[in-house]
Amino acid sequence: MCGITGIVAPAGARVPLDVLQRMTDAIAHRGPDGQGFVVDGRFVSQAAAAGEGRVGLGHRRLAIIDLSDRGLQPLTVDGGKTWIVFNGEIYNYRDLRAELEGRGCRFETRTDTEVLLQGYLAWGEDVLPRLQGMFAFAIWDAPRGRLFCARDRLGIKPFYYSAAGGWLRFGSEIKALLAVPEQDRILDDDAALGFLIHSNCDYGERTVFKSVKSLPGAHWLRYDVAAGQLEIRRYWTLEPNHTNGTSDATKIEGLRELLLDATRRHLISDVHAGSCLSGGIDSSTVVGLIGKVWHEQPDAATAVGDRFDTFTSCWSDPAFDERQYALAVAKAAGATPHLVFPTASDFWNDFASMAWHQDMPFGGFSYYAQWSVMKAAREAGVKVLLDGQGGDEVFGGYAKFRYAYFASLLKAGRLPTLAGEIAAALKQGDKYVLDIRQGYRYLPTSLRRLLGVDSLLQSILRTDWRQAVGGESTPATRWWRNALGGSKSPGRTGTLMQQIQVDDIVTDTLPMLLRMEDRSSMAFSLEARVPLLDHRVVEMGISLPDHLKVRRGWSKYAIREAARPELPALIQNRTSKLGFAAPDRTWLTTELRPQVTALIEDRMRVERFVDVAALRRWYRSPQAEKANTEAYLGLFRVLSLEMWMRAFDLA
C-alpha cells in the first residue's frame, strides 16, 4: 500500500520538479517508509535531484512485502526503459512469478511490484485479467512513448487525474492534484448538492471538483505522449453467471472454499496483520476464517504472529453497541479483542483532520467509528488490517435487496413463497428491514415527503428539490427503474436483486465506502484489505440465486452457511444489523450542541448551497428538538460539507 503521483508535460515543457515533490509530499501519510522519483529515466530520492524530462513519477512507500530498500519505487527491471509506481497488493503474485520465471524472467526483489511490471512486459495490457488483488498503478513505457495506468476491478485502490492544457497529472488522492498551483478548484455544484441530498459524491469518474476525475474501477488509462491522446477503456464487467444444475449445497461449499482461499491470500504480508470486527456477519466471517487459517495452517498466517488482534468500535448506548457479538467472535477465533470508545469530543477534535484526509465530504458519524478503529490498530502495532467491507453488497445484506426479492416473487406470481418470506421478516422484527426510512435514498419523492425524511434539507437547500431528488441519475431512480423493468431492463442480465447488487457495487454504495476505507486507513499509514471483495468472491456472490441471499427471513443466507463452522451461535442466529452505527442524533442535539452552534453561527462557506439563516432558525427552534434522525443526518452533511470546504480553503 502506497501513494503514487505523476506528471506528463506537453511538448516543449518539462516536469516541474518542485511541483512533483509537493504532490508527493501531500500524500506522505500513505507511505512513511520511503519516497522516490524518476524523471528522464533516473531514480532519485528527492525530486529536486532528478533530471529534465516530460514524464515524472513519484512514490511514497508503505513497506508490506520485502521490507528491504529493493522494494523502493519507482521500479524498473529493464535498465530504465520502463518504470512503475504501484499502490496496492497483488495476492496471486507468487503464482504469476512462477509462471514468469518459467518464461525466463529473472527477479531482483520479492515484491509484487516487480511481478506486475514483469507481467506487463510479458503480456502488455493483458496482464490485467491475470491479476487478483487491489491496485492502482502507472507504468511509463518509454519505448512506446506512452503512460499506461489501471485500477483494480472493484476500485478498492484510488486513482485521480486531471487533464488540461496539454498536461496530465495523477495521484492516489485528490489533494495531490490540489498541490499543483495551476490546478483549479472549481466545485461541481451538482455533485455537492447530490451529496447533501443523497449522502454520496462517488459516482464513476465524477468528483466534487469539475477538473478532477476518478479513473473508475475495472478501467485502464493510456496516454500517448507524442500525440497528446488520452484513451480510457473498461477491461472487466461484473455480470451474474448462471450455474444451472448445481445444487445449493454445492454452491455453498464452493463459496466456503473460495472464501478460505481469499483469506489465505489476504494474509500474505511481512508485517503484523489483524482485523476489524464489528460483530456483524461479514466481519465475523473474516475473523472466523482468519482464526481457522491461523490455528490449522500457521504457515499461511505468519503475519498474524503469536497474537491475533481484532478491533471493535463500542458505544455506551446499547442501541448502537455491538461488543457482545464482537467479543463472542473474538473468543471463538482465539483473538485478542481491542475495544475502542469514540466520543463526541474526540470526533470534534478530529473533524477537520478527517475532512482533509477523506478528500471529499462524508455522510455521518459512523465513519468516525471506522476512523477510530484504524487509529487504534496502528497504535497497537498492526500495519495490515483485514475488514468485512463489501459483504452486504455481494451477498444481499441490505434491506433494498430483500424488497427487490419480494418484488420479484410478486411479479413471478410466487405468492406462497412471498407470504412466507414477509411473515419470516416480520417475525424476526429487524428494524433495519422493517423501517423503510433507513433506506431513504431509494424512496420515491412522494414517500420521502410523507415520511418527513427531508424535513430539514427541503427547507434550507438552494435547489429545485423535486428535480434534485427525482432526477435520472439518483439512487431511487435506478432502483425503481430496475424494479419496474425487472430482468427485461435493456442491456442487463440476472434477476432484479442481482441488477441492483451490480448497481450498488459499481455505482451507488461501494465506491463511497471504499473511499472512506482507503482514506481512514491511510491516514494512519495502515493497509486495509477486503477479502470479501476478491473479484472471484464477488462474481460468485452476485451469481448466487436470490433464495441463497434471502431465505426464511435470513439475509446473506449463503455466507452464513458457508462460515457456519466458524461463527458462534450468537452470530449465526443474529437478525439485527448495525455495521459501524453511531449515535448521530444524540451527539448533534446534546453533546455537540455548543460546537455545532458556534459553527453555523460563523460565516459559512456552504451558503451558496444552503440558506444559512434558515438553518440557524431551525437549530434554535422547538421543531429541531422533535426532528427525526434523518433530519439530523441532513444537518451532519451540511456540517461535513462546510468543514471540507474549510479544510481545502474553498469558497
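The values are calculated or read from the model by the stated rules, or taken from the named source; none is laboratory data. Remember, it's a predicted structure, so these values are computed and weren't measured experimentally. Neighbour counts run over all protein chains shown; Cβ positions are idealised from the backbone, glycine included.
Here are the numbers for the structure shown:
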| quantity | calculated |
| --- | --- |
| V596 being of a type in the set (A, V, I, L, M, F, W, C), in contact with a strand residue (DSSP E or B) (Cβ under 7 Å, 6 or more places away or on another chain), assigned to a helix (DSSP H, G or I) and in contact (Cβ under 8 Å) with a residue 40 or more places away in the chain | no |
| Failed item in (1) more than 22 Å from W554 (Cβ to Cβ); (2) among the small types (G, A, S); (3) modelled with pLDDT of 65 or more; (4) surrounded by fewer than 16 Cβ atoms within 10 Å (Cβ to Cβ), with A468 passing the rest | (4) |
| Tally of residues being in a strand (DSSP E or B) and β-branched (V, I, T) across region 293-313 | 2 |
| Elements of type helices (runs of 4 or more DSSP H) in region 340-420, at least 3 residues being hydroxyl-bearing (S, T, Y) | 366-379, 399-411 |
| Only listed residue being out of contact with any strand residue (DSSP E or B) (no Cβ under 7 Å at 6 or more places or on another chain), part of a loop (DSSP other than H, G, I, E, B) and modelled with pLDDT of 95 or more, chosen from A122, A98, A63 | A63 |
| Matching entry among S269, S278 (being modelled with pLDDT under 95, of a type in the set (G, A, S) and either under 20 Å from F135 (Cβ atoms) or assigned to a loop (DSSP other than H, G, I, E, B) (or both)) | S278 |
| Answer from S555, S521, S525 - the residue that is buried (at least 24 other Cβ atoms within 10 Å of the Cβ) and under 21 Å from P158 (Cα atoms) | S521 |
| Residue that is nearest to K383 (Cα to Cα) [pool: residues in region 489-517 that are touching a residue at least 12 places away in the same chain (Cβ under 8 Å) and not in a helix (DSSP H, G or I)] | T509 |
| Region 7-44: number of residues that are buried (at least 20 other Cβ atoms within 10 Å of the Cβ) and assigned to a strand (DSSP E or B) | 7 |
| Verdict on I290 being part of a helix (DSSP H, G or I) and either at pLDDT below 95 or not hydroxyl-bearing (S, T, Y) (or both) | yes |
| Counted residues, region 148-194 - those being at pLDDT 95 or above and either closer than 24 Å to V502 by Cα or in a strand (DSSP E or B) (or both) | 22 |
| Hey, S520 in a loop (DSSP other than H, G, I, E, B) and assigned by TED's automatic domain parsing to the domain that holds A380 or not | no |
| Single residue of G53, G88 found to be surrounded by 16 or more Cβ atoms within 10 Å (Cβ to Cβ), in a strand (DSSP E or B) and not hydrophobic (A, V, I, L, M, F, W, C) | G88 |
| Residue in region 251-263 that is in contact (Cβ under 8 Å) with a residue 12 or more places away in the chain, under 21 Å from K383 (Cα atoms) and not β-branched (V, I, T) present | yes |
| Members of region 170-206 that are within 20 Å of F135 (Cβ to Cβ) and either touching a Cys at 6+ places or on another chain (Cβ under 6 Å) or not aliphatic (A, V, I, L, M) (or both) | F170, G171, S172, E173, D202, G204, E205 |
| Total residues in region 620-641, condition over 27 Å from L187 (Cα atoms) and either aromatic (F, W, Y) or not in a helix (DSSP H, G or I) (or both) | 3 |
| Criterion violated by Y223 - all others in (1) outside any loop (DSSP other than H, G, I, E, B); (2) under 19 Å from V537 (Cα atoms); (3) in contact (Cβ under 8 Å) with a residue 40 or more places away in the chain satisfied | (2) |
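Listed here are the residues, each with its yes/no results for (1) polar (S, T, N, Q); (2) within 21 Å of L385 (Cα to Cα); (3) over 26 Å from the mean Cα position of the chain (by Cα).
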residue: C2; (1), (2), (3): no, yes, no
residue: T5; (1), (2), (3): yes, no, no
residue: V8; (1), (2), (3): no, no, yes
residue: G12; (1), (2), (3): no, no, yes
residue: V15; (1), (2), (3): no, no, yes
residue: V19; (1), (2), (3): no, no, yes
residue: F37; (1), (2), (3): no, no, yes
residue: V44; (1), (2), (3): no, no, yes
residue: A48; (1), (2), (3): no, no, yes
